[in-house]
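The values are calculated or read from the model by the stated rules, or taken from the named source; none is laboratory data. In this text the structure is predicted, and so the values were computed from the model without any measurement. So basically every Cβ, Gly included, is an ideal-geometry build from the backbone, and we count neighbours across all protein chains shown.
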Amino acid sequence: MRLILVTGGCGFIGSEFIRQQLATNPGLTIVNLDKLTYAGNPENLTQLANEPRYIFRQADIADPDAVAALFQEFAFDAVVNFAAESHVDRSLLDSGPFVTTNIVGTQVLLDAARRSKTPRYLQVSTDEVYGSLGATGLFTEETPLAPNSPYSASKAAADMLVRSYNHSFGFPAIITRCSNNYGPYQFPEKLLPLFITNLFNDQQVPVYGTGQNVRDWIHVADHCRGIAAALEKGTPGEVYNFGGRCEKTNLDLTFLLLDLLEKPRSLIRYVADRPGHDLRYAIDCAKAERELGWTPQVTFEQGLADTIAWYRANGEWIDHVKSGAYREYYTRQYGDRLKG
Ligand code: NAD
Ligand code: TDX
């Protein structure tokens with residue numbers, strides 16, 4: 001592939017994908033279409049400022065005219081759709097932007113790609129579309145969709161649209177569903193960067209409920225290698241799950257962070273639970289391993305140590321991100337439940 005459209009490339013995972021794929025594929029050019037919402041940060045890609053194989057366009061994936069113009073300008077070999085409203089807590093405060101970007105935006109992209117006969121389309125989805133697991137079992141690609149939050153409902157709706165375009169029109173689309181990502185450049189509204197950056201400043205960390213919810217952690221570089229493998233080797237119409245085989249309760253993860261950062265457990269603040277909080281996510285990624293030749297490579301121990309080191313070395317990035325709009329969200333989400 002020579003020319004790929006990446007949407008949402010200024011976010012956490014999209015920016016990793018762009019950095020990784022340009023570094024490993026010398027013949028590849030990437031066009032990044034991003035609206036630059038609160039989560040889209042051009043600073044995530046400053047290292048590509050002088051890279052001729054990287055082209056940026058600011059636009060909304062839900063704007064049919066802007067998207068059509070882009071497909072007129074370029075003949076893409078593939079589209080990888082990362083662009084989304086991605087935070088569950090924000091979807092509980094206001095689901096409108098989730099419906100517009102995640103559902104309508106996907107429909108606009110699908111139509112533009114179908115009209116242009118783009119040979120490959122990859123929808124970056126999430127394990128949250130499967131709902132919640134009990135104490136045992138794993139999500140497979142056959143697990144029925146049962147989304148529980150407005151965020152996951154909007155991602156599941158997008159997946160259904162992608163599925164229908166493949167089924168009805170033979171449109172060559174693939175869906176990938178991944179578990180919780182961690183790594184550098186993650187916006188500090190998500191658990192790990194929020195807790196790491198709060199603890200740097202001896203601020204409290206808000207654990208929802210009793211902290212017994214389980215997430216399956218995967219390093220963002222492994223997720224992006226999986227997406228690249230699915231793009232190259234995946235079968236249109238298929239779904240591929242990616243996970244890290246790394247289940248942790250939120251409380252155990254919090255204890256681990258406190259130990260690594262040498263902070264006292266008194267900084268934990270148990271706050272009211274997230275409404276509808278999914279108990280457990282865990283992925284069976286055997287299909288991706290079997291059919292794509294992919295497997296997660298980064299151990300959680302190493303990945304977490306590297307992630308903490310990255311945030312320690314990038315105080316300026318954190319200061320810029322934790323600016324005015326972030327403070328407004330933080331106050332709205334956590335109110336006076338936290339000190340410091
Ligand atoms: P993010 O919130 O860090 O980044 C989202 C990016 O999309 C930002 O750059 C933002 O500006 C852009 N964007 C938002 N609305 C847009 C619009 N209407 N038009 C164009 N651009 C728009 O998200 P992330 O964590 O990098 O997640 C990327 C994708 O991966 C999402 O689709 C998400 O559902 C999926 N995913 C995330 C995780 C995770 O753990 N973070 C796990 C599985 C799947
Ligand atoms: O302050 C917090 N306290 C807390 O206990 C936050 C922000 C989270 N949590 C809990 C909720 C979850 O059980 O930590 C866990 C992880 O929360 P998030 O980081 O918000 O991630 P999650 O809701 O699991 O969703 C993530 O993984 C799947 C991403 O945000 C999604 O985009 C992805 O699809």
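Residue check: is ASP77 charged (D, E, K, R), surrounded by fewer than 17 Cβ atoms within 10 Å (Cβ to Cβ) and either within 29 Å of VAL129 (Cβ to Cβ) or free of Cβ contacts under 8 Å to residues at least 60 places away in the same chain (or both)?
yes
Is it true that ILE318 is on the phi < 0 side of the Ramachandran plot, in contact with a Leu (Cβ under 7 Å, 6 or more places away or on another chain) and surrounded by 12 or more Cβ atoms within 10 Å (Cβ to Cβ)?
No; evaluated as a whole, the condition is false for this residue.
Sort out which residues of region 27-56 are more than 10 Å from ligand 1 (Cβ to nearest atom), in a strand (DSSP E or B) and not hydrophobic (A, V, I, L, M, F, W, C), and write them in order of number.
THR29, TYR54, listed by residue number.
Can you tell me which residues in region 93-132 are in contact with a Gly (Cβ under 8 Å, 6 or more places away or on another chain) and either surrounded by fewer than 21 Cβ atoms within 10 Å (Cβ to Cβ) or within 16 Å of ASP278 (Cβ to Cβ) (or both)?
Once the filter is applied, which keeps residues that are in contact with a Gly (Cβ under 8 Å, 6 or more places away or on another chain) and either surrounded by fewer than 21 Cβ atoms within 10 Å (Cβ to Cβ) or within 16 Å of ASP278 (Cβ to Cβ) (or both), region 93-132 yields only ASP127.
For region 52-75, check the following and say yes or no: at least one residue is farther than 25 Å from THR235 by Cβ, within 15 Å of ligand 2 (Cβ to nearest atom) and either among the hydrophobic types (A, V, I, L, M, F, W, C) or touching a Gly at 6+ places or on another chain (Cβ under 8 Å) (or both).
Checking region 52-75: not a single residue is farther than 25 Å from THR235 by Cβ, within 15 Å of ligand 2 (Cβ to nearest atom) and either among the hydrophobic types (A, V, I, L, M, F, W, C) or touching a Gly at 6+ places or on another chain (Cβ under 8 Å) (or both).
I'd like the residue in region 82-98 that is hydrophobic (A, V, I, L, M, F, W, C), part of a helix (DSSP H, G or I) and touching a Ser or Thr at 6+ places or on another chain (Cβ under 6 Å) and, out of all such residues, is farthest from ligand 2 (Cβ to nearest atom).
This residue is PHE98.
Taking interchain pairs and intrachain pairs at least six residues apart, which have beta carbon atoms under 7 angstrom, with the first residue in region 201-222 and in a helix (DSSP H, G or I) and the second away from ligand 1 (no atom under 16 Å from the Cβ)?
ASP222/GLN297
Are any residues in region 220-276 under 17 Å from ASN181 (Cα atoms), over 18 Å from the mean Cα position of the chain (by Cα) and within 11 Å of ligand 2 (Cβ to nearest atom), and if so, which ones?
Listed by number, the residues that qualify are LYS248, THR249, ASN250, LEU253, THR254.
I'm told VAL79 meets every condition in (1) more than 15 Å from ligand 2 (Cβ to nearest atom); (2) within 27 Å of GLU247 (Cβ to Cβ) except one. Can you identify the failing condition by its number?
Against the list (1) more than 15 Å from ligand 2 (Cβ to nearest atom); (2) within 27 Å of GLU247 (Cβ to Cβ), VAL79 comes up short only on (2).
When region 231-264 is examined, which residues are found to be under 19 Å from TYR334 (Cβ atoms) and loosely packed, with under 14 Cβ neighbours inside 10 Å?
Of everything in region 231-264, nothing turns out to be under 19 Å from TYR334 (Cβ atoms) and loosely packed, with under 14 Cβ neighbours inside 10 Å.
The rows are residues; the columns are (1) closer than 21 Å to GLU73 by Cα; (2) free of Cβ contacts under 8 Å to residues at least 60 places away in the same chain; (3) among the basic types (Lys, Arg); (4) in contact with a helix residue (DSSP H, G or I) (Cβ under 6 Å, 6 or more places away or on another chain).
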position	(1), (2), (3), (4)
GLN20	no, no, no, yes
THR29	yes, yes, no, no
GLY40	no, yes, no, no
LEU45	no, yes, no, yes
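Are any residues in region 147-200 in a loop (DSSP other than H, G, I, E, B) and either touching a helix residue (DSSP H, G or I) at 6+ places or on another chain (Cβ under 7 Å) or closer than 19 Å to TYR329 by Cβ (or both), and if so, which ones?
PRO147, SER149, PHE171, SER179, GLY183, PRO184, TYR185, GLN186, PHE187, PRO188, GLU189, LYS190
Got a sec? Which of ALA325, ALA313 is modelled with pLDDT under 95 and of a type in the set (A, V, I, L, M)?
Step by step, each of ALA325, ALA313 is checked, and only ALA325 is modelled with pLDDT under 95 and of a type in the set (A, V, I, L, M).
Got a number for residues in region 146-186 being within 25 Å of GLU16 (Cα to Cα), within 16 Å of ligand 2 (Cβ to nearest atom) and either surrounded by fewer than 20 Cβ atoms within 10 Å (Cβ to Cβ) or over 13 Å from the mean Cα position of the chain (by Cα) (or both)?
Final tally of qualifying residues: 6.
Here are some conditions: (1) more than 9 Å from ligand 1 (Cβ to nearest atom); (2) within 18 Å of ALA230 (Cα to Cα); (3) assigned to a helix (DSSP H, G or I). ALA68 meets all but one. Which one does it not meet?
Among (1) more than 9 Å from ligand 1 (Cβ to nearest atom); (2) within 18 Å of ALA230 (Cα to Cα); (3) assigned to a helix (DSSP H, G or I), the lone unmet condition for ALA68 is (2).
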